[in-house]
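A short write-up of the structure that comes next.
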Amino acid sequence: QVQFVESGGGLVQPGGSLRLSCVSSVKIFVFNTLAWYRQAPGRQRELVATITSSSNTEYTDSVKGRFTISRDNSKNMISLQMNDLEPEDTAVYYCNMKNGPWWGQGTQVTVSS
């Protein structure tokens, strides 16, 4: 059974940084494209960033230049480095295969002064 476990969230002031991590229960090299999503209160889940098996990355416009997605196949881990955080980044963050069905508990990111 595929499981993703996210960690690294927390409370941070605007302009601060966080690094999210996600560990997979299966070898991630089997997934072509992995992704980070987020869901803010009262809003639909949003695709934030993706990374392919060849490490090509894409980002939603609102995080370009601030967030960096990476993957480490040897650790079955994907990460999301988030810099210059804004209150609008407040959400629960999830990792998954792009369009995959295996949703974990997510990790809460709160950006507030």
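Got at least one residue in segment 71-87 being over 15 Å from VAL109 (Cα atoms), without any contact (Cβ under 8 Å) to a residue 24 or more places away in the chain and either open to solvent by 60 Å² or more (accessible area, probe 1.4 Å) or among the aliphatic types (A, V, I, L, M) (or both)?
Within segment 71-87, the subset over 15 Å from VAL109 (Cα atoms) is 71-78.
Going one step further and asking which of them are without any contact (Cβ under 8 Å) to a residue 24 or more places away in the chain, we end up with 72, 74.
Retained after the next criterion (residues that are either open to solvent by 60 Å² or more (accessible area, probe 1.4 Å) or among the aliphatic types (A, V, I, L, M) (or both)): 74.
Yes.
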_So for segment 37-60 (the condition being of a type in the set (Asp, Glu) and either modelled with pLDDT under 95 or more than 18 Å from TRP102 (Cα to Cα) (or both)), does at least one residue qualify?_
yes
*Quick one: in segment 17-36, of everything that is open to solvent by less than 20 Å² (accessible area, probe 1.4 Å) and modelled with pLDDT under 95, which residue is farthest from ASN76 (Cα to Cα)?*
PHE31
*Is it the case that segment 43-59 has a residue that's within 15 Å of GLU6 (Cβ to Cβ) and among the polar types (S, T, N, Q)?*
no
*asked:* Being under 16 Å from GLU86 (Cβ atoms), aliphatic (A, V, I, L, M) and in a loop (DSSP other than H, G, I, E, B) is the filter here; which residues of segment 9-51 pass it?
replied: ALA40
*Given the conditions (1) open to solvent by less than 50 Å² (accessible area, probe 1.4 Å); (2) within 15 Å of GLU6 (Cα to Cα); (3) not aromatic (Phe, Trp, Tyr), report the number of the one that GLN39 does not fulfil.*
(1)
*So ASN83 fits all but one of (1) modelled with pLDDT of 95 or more; (2) of a type in the set (S, T, N, Q); (3) on the phi > 0 side of the Ramachandran plot; what number is the exception?*
(3)
*Has segment 52-64 got any residue that is open to solvent by less than 40 Å² (accessible area, probe 1.4 Å), part of a strand (DSSP E or B) and in contact (Cβ under 8 Å) with a residue 24 or more places away in the chain?*
no
*Select from segment 62-106 the residues that are in contact with a Pro (Cβ under 9 Å, 6 or more places away or on another chain) and polar (S, T, N, Q) and list them in ascending order.*
THR90
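The values are calculated or read from the model by the stated rules, or taken from the named source; none is laboratory data. This is a predicted model, so every value here is computed, not measured. Every residue, glycine as well, gets a Cβ built from its backbone with ideal geometry; the counts of neighbours run over all protein chains shown. The accessibility values were calculated without ligands, DNA or RNA, using every heavy atom of the protein model including side chains. Shrake-Rupley method; radii C 1.70, N 1.55, O 1.52, S 1.80 Å.
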